[in-house]
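Structure record follows, encoded as structure tokens.
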Amino acid sequence: MESGSNLTNHFLIAMPGLDDLNFHHTVTYVCEHNDQGAMGIVLNRPTDLHLKDILEELDIEESEQQAAGQTIYLGGPVQTDRGFVLHTTDTEWDSTLQVTDEIAVTTSRDILEAIAAGKGPRESLIALGYAGWGEGQLESELGDNTWLSGPVDKAIMFSVPSEQRWQAAADILGVDLNLIAGNPGHA
């Protein structure tokens with residue numbers, strides 16, 4: 001990885017021609033990017049599951065009805081049996097990767113218990129699985145025009161409806177994805 005090309009805390013926006021069903025029309029938040037590869041959470045693949053389903057499976061009692069209705073997302077094709085909570089950093093949890101001063105990803109049970117009790121982070125997105133790239137893989141895909149990368153906007157992560165997040169992330173860059181050909185070439 002070249003210095004200055006670290007994409008931690010960036011959005012990866014799938015180009016319209018990306019036909020991989022795991023990533024077609026997705027926006028992914030990059031949680032970590034280093035010499036060994038990259039890890040991110042897809043932000044716009046809602047599942048039919050809700051937090052109450054996960055809480056029941058883990059035998060966690062819910063006291064906050066609104067939290068129990070929270071949609072669960074498919075965070076990517078890797079370890080889809082494992083939960084990842086992308087959240088604001090207003091509280092500390094047992095197993096957390098601090099991405100920035102404001103955003104973290106947690107994989108421990110204590111955050112789910114807190115959310116179920118109405119004492120979780122101010123904003124969160126719960127996903128099953130993650131997106132992962134091996135050493136040099138993401139850089140290669142960027143070189144092949146598979147992805148756009150751009151700055152993060154927390155509102156897109158946590159507030160914008162999931163079906164609007166792909167274009168909303170591109171809007172930050174001033175890109176209308178509807179005007180891009182499905183199979184861009186190389187200049």
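The values are calculated or read from the model by the stated rules, or taken from the named source; none is laboratory data. Note that the structure is a prediction, hence the values are computed from the model and not measured. Glycine also receives a Cβ, built like all others from the backbone with ideal geometry; neighbour counts cover every protein chain displayed.
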Quiz item: Out of all the residues in the stretch 53-89, which are surrounded by fewer than 18 Cβ atoms within 10 Å (Cβ to Cβ) and farther than 17 Å from ARG109 by Cα?
Solution: GLN65, GLN66, GLY69, THR71, PRO77, VAL78
Quiz item: Out of GLY37, GLY17, which single residue is touching an Asp or Glu at 6+ places or on another chain (Cβ under 6 Å) and not β-branched (Val, Ile, Thr)?
Solution: GLY37
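Yes or no, residue by residue, for (1) closer than 19 Å to LEU43 by Cβ; (2) in contact with a helix residue (DSSP H, G or I) (Cβ under 6 Å, 6 or more places away or on another chain); (3) touching a residue at least 60 places away in the same chain (Cβ under 8 Å); (4) not in a strand (DSSP E or B):
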position	(1), (2), (3), (4)
GLU57	no, no, no, yes
GLY76	yes, no, no, yes
ALA114	no, no, no, yes
LEU148	yes, no, yes, no
Quiz item: Within the set of pairs 6+ apart or on separate chains, which have a first residue in the stretch 150-169 that is surrounded by fewer than 19 Cβ atoms within 10 Å (Cβ to Cβ), a second that is acidic (Asp, Glu), and C-beta atoms under 6 Å apart?
Solution: PHE158/GLU123
Quiz prompt | Condition check for VAL42: closer than 25 Å to GLY174 by Cα and of a type outside the set (Asp, Glu) | solution = yes
Self-check item: Subset of the stretch 82-99 [more than 17 Å from GLY118 (Cβ to Cβ), assigned to a loop (DSSP other than H, G, I, E, B) and more than 14 Å from the chain's Cα centre (by Cα)]
Solution: THR89, GLU92, ASP94, SER95
Self-check item: Residues that are touching a residue at least 40 places away in the same chain (Cβ under 8 Å), in contact with a strand residue (DSSP E or B) (Cβ under 7 Å, 6 or more places away or on another chain) and assigned to a loop (DSSP other than H, G, I, E, B), drawn from the stretch 59-74
Solution: GLN70
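Identify all residues within the stretch 9-52 that are part of a loop (DSSP other than H, G, I, E, B) and surrounded by fewer than 15 Cβ atoms within 10 Å (Cβ to Cβ); write none if there are none.
Quick first cut of the stretch 9-52, residues part of a loop (DSSP other than H, G, I, E, B) only: 9, 15-26, 35-36, 43-45.
Listed by number, the residues that qualify are GLY17, ASP19, ASP20, LEU21, HIS24, ASP35, GLN36.
Matching residues to (1) touching an Asp or Glu at 6+ places or on another chain (Cβ under 9 Å); (2) among the acidic types (Asp, Glu); (3) modelled with pLDDT of 95 or more:
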residue: ASN145; (1), (2), (3): no, no, no
residue: VAL160; (1), (2), (3): yes, no, yes
residue: GLN164; (1), (2), (3): no, no, yes
residue: ALA169; (1), (2), (3): yes, no, yes
residue: ASP176; (1), (2), (3): no, yes, no
